[in-house]
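Chemist: This is the structure, below, for whatever I ask next.
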Amino acid sequence: MKIIILIFWIIYSTNIFNYSFANNSNEFYKKIDLFGEVLETVKEEYVDEIDQSDVMDAAINGVLQSLDPYSSYMSPEMFKEMQSDTKGEFGGLGIEISMEAGVVRVIAPIDDTPAAEAGIKAGDYIVRINDIQVQGKSLMEAVKLMRGPVGSSIKLTVRRKNEKNAIEFEIKREIIQVKSVEAKLVGEKQEIAYLRIKSFNENSDKQLFKTIKSFQKENEIKGYIIDVRNNPGGLLTQAISITDFFLDDGEIVSTKGRKLVESRRFFARKGDGTQGKPIIVITNTGSASASEILSGALKDHKRAIILGEKTYGKGSVQSIIPLKNGGGMRLTISKYYLPSGKSISGVGVTPDIFIEEEGDNFKIDSLTDNQLNYAIDLLKS
């Protein structure tokens, strides 16, 4: 009797599974048929003649952007440009952007680029590009509008927090040379190493380690200031490598995704490259992604004091996947978690010492940089 019941249960369960699978599959193909019907109707009935290739690109991008603000489709042309971005040289304005509620938001302007020099700030919302309304366009369409011949000008209209009226910027496009690390010795006795990490590209760790070792040979370093303000992030491998340098041991970051291969934990190797000297990390709302891995891990391990403003809150990892047509897609494949187990998605890393930028003339690494001046005084005391 038990065997008969068991066989019945297996057959019943299998039929339910098959029905459910077939039902979901049928629904999926119905949606594909519906999409084909819509496309054909648009082609035949829309008031203007359409480019079917552009429409399909927009549809693909729509699928990806419906997932989150960071997933997107890249045409072959844009995919080629993106590859030059991570290698440290590209043409454009010098800003990292994302989509937020259908509007383009500036994650951060890159230092010493046309956007930064013009006065674009982290958190600005770009509402118009050359008098073209941005809302309703995809992230890649906005990027394409901002690209152009080197030396040509572009007008950006932005909305800024606490500003009643929109602000217009006239910016000239340039070849953007991304020097990801700049450093110098500061303090009365040149005893403090100031390390400005502007991005995490494929050369960042080598540049940084070489610089630090040079400083250590020249002077008796009392402490280190790591500045990741307006650093929009970059390569996860670089964030891990650089964070590892400042830790003696312990977890740096963990990633969790749907696939087992995307769920990993990364640990520091034995040996602190600064011999345990004090560290201050300066952050702001433009510090995102890889910058948050660095600042979050050093904070969790109580290895550094975080000073400045709360970070952006981008706690996901994107993979660049090449496609058969020569294009590619940026797809979120996992989320990352700090050593404490916390996710910073939409939350950011909160500083230990909160200090806002002061004054209209504020500029990073200048006499008006009250955050840097505070950090220097803190290490000198």
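Chemist: Return the equivalent ellipsoid semi-axes of the range 166-232 as a descending list in whole Å, where each equals the square root of 5 times an eigenvalue of the C-alpha gyration tensor.
Modeler: 29, 15, 10
Chemist: Restricting to the range 263-332, compute how many DSSP beta bridges are antiparallel as a %, nearest 5. Spell out each step's value before the answer.
Modeler: Values: 5 of 9 bridges.
Percent antiparallel among DSSP bridges in the range 263-332 is about 55.
Chemist: Related question: Treat each spin label as a single point 7 Å out from the Cα along the C-beta direction, and report the residue 133 to residue 63 distance in nm.
Modeler: Going by the 7 Å Cα→Cβ label model, 2.8 nm.
Chemist: Nearest-5 percent of antiparallel DSSP beta bridges in the chain? Numbers along the way, then the final one.
Modeler: Details: 47 of 63 bridges.
Around 75 percent antiparallel, to the nearest 5.
Chemist: Taking amide H positions as placed in the peptide plane 1.01 Å from N, state which residues far from residue 369 in sequence (5 or more) or on other chains have amide H under 5 Å from it.
Modeler: Long-range HN contacts for residue 369: 363.
Chemist: Of the GluC sites (Glu not before Pro) in the range 312-358, which ones lie in a loop per DSSP and count no more than 15 other C-beta atoms within 10 Å? Walk me through the intermediate numbers first.
Modeler: Values: sites: 356, 357, 358; in loops: 356, 357, 358.
Sites meeting the loop and neighbour criteria: 356, 358.
Chemist: Could you state the per residue volume, in Å³, of the convex hull enclosing the Cα atoms of the range 290-341? Spell out each step's value before the answer.
Modeler: On the way: hull volume 4.5 nm³, N = 52.
It is 87 Å³ per residue.
Chemist: Could I ask something else about it? Taking the radius of gyration and the Kirkwood hydrodynamic radius from Cα positions alone, what is the Rg/Rh ratio for the range 91-177, to two decimal places? Please report the intermediate quantities before stating the final value.
Modeler: Details: Rg = 11.7 Å, Rh = 12.7 Å.
With Rg and the Kirkwood Rh in hand, the quotient comes to 0.92.
Chemist: Between residue 153 and residue 45, how high is the FRET efficiency from 1/(1 + (r/R0)^6) when r is the Cβ-Cβ distance and R₀ = 51 Å? Nearest 0.05. Mind dumping the intermediate values first?
Modeler: Details: r = 39 Å, r/R0 = 0.77.
The computed FRET efficiency comes out at 0.85.
Chemist: Once R0 is set to 25 Å, what does the formula 1/(1 + (r/R0)^6) return for the Cβ-Cβ distance between residue 249 and residue 332, expressed as a FRET efficiency to the nearest 0.05?
Modeler: Values: r = 30 Å, r/R0 = 1.19.
The computed FRET efficiency comes out at 0.25.
Chemist: Quick one: compute a quarter of the convex hull surface over the Cα atoms of the range 276-381 and quote it in nm². Numbers along the way, then the final one.
Modeler: Details: hull surface 37.0 nm².
One quarter of the hull surface, i.e. the mean projection, equals 9.2 nm².
Chemist: Mind checking the range 231-310 for trypsin sites (Lys or Arg not before Pro) that DSSP puts in a loop (not H, G, I, E or B) and that have at most 14 other Cβ atoms within 10 Å? Working shown, then result.
Modeler: Numbers: sites: 256, 258, 259, 264, 265, 269, 270, 299, 302, 303, 310; in loops: 258, 259, 269, 270, 302, 303, 310.
For trypsin sites (Lys or Arg not before Pro) across the range 231-310 that sit outside H, G, I, E and B with at most 14 neighbouring Cβ atoms in 10 Å, the list reads 258, 259, 269, 270, 302.
Chemist: Å³ per residue of the Cα convex hull, for the chain? Before the final figure, lay out each step's value.
Modeler: Details: hull volume 73.2 nm³, N = 381.
Dividing the Cα hull volume of the chain by its residues yields 192 Å³.
Chemist: A further question follows. Starting from the Cα of residue 360, step 7 Å toward the Cβ, then list every residue of the range 158-196 with an amide N under 19 Å from that point.
Modeler: 158-170
Chemist: With the cut-off at 1.5 for a/c, could you classify the range 205-353 from its C-alpha gyration tensor as rounded, prolate or oblate?
Modeler: Details: a/c = 1.79, a/b = 1.59, b/c = 1.13.
Judged from the Cα gyration tensor, the range 205-353 comes out prolate (a/c at least 1.5, a/b above b/c).
Chemist: Between 45, 141, 251, where does the largest GNM mean-square fluctuation fall for the chain, given springs only between Cα atoms within less than 10 Å?
Modeler: For the chain, modelled as a Gaussian network with Cα springs under 10 Å, the answer is 45.
Chemist: Pairs 80/172; 121/335; 256/380; 217/310; 144/164: which are spaced more than 32 Å apart, C-alpha to C-alpha? Working shown, then result.
Modeler: Values: 80/172 22 Å; 121/335 26 Å; 256/380 40 Å; 217/310 34 Å; 144/164 28 Å.
Beyond 32 Å: 256/380; 217/310.
Computed from the coordinates by the stated procedures, all read-outs in this text should not be read as laboratory data. Just so it is clear, the model here is predicted, and its values are computed rather than measured. Here Cβ is always computed from backbone atoms with ideal geometry, including for glycine, and neighbour counts include all displayed protein chains.
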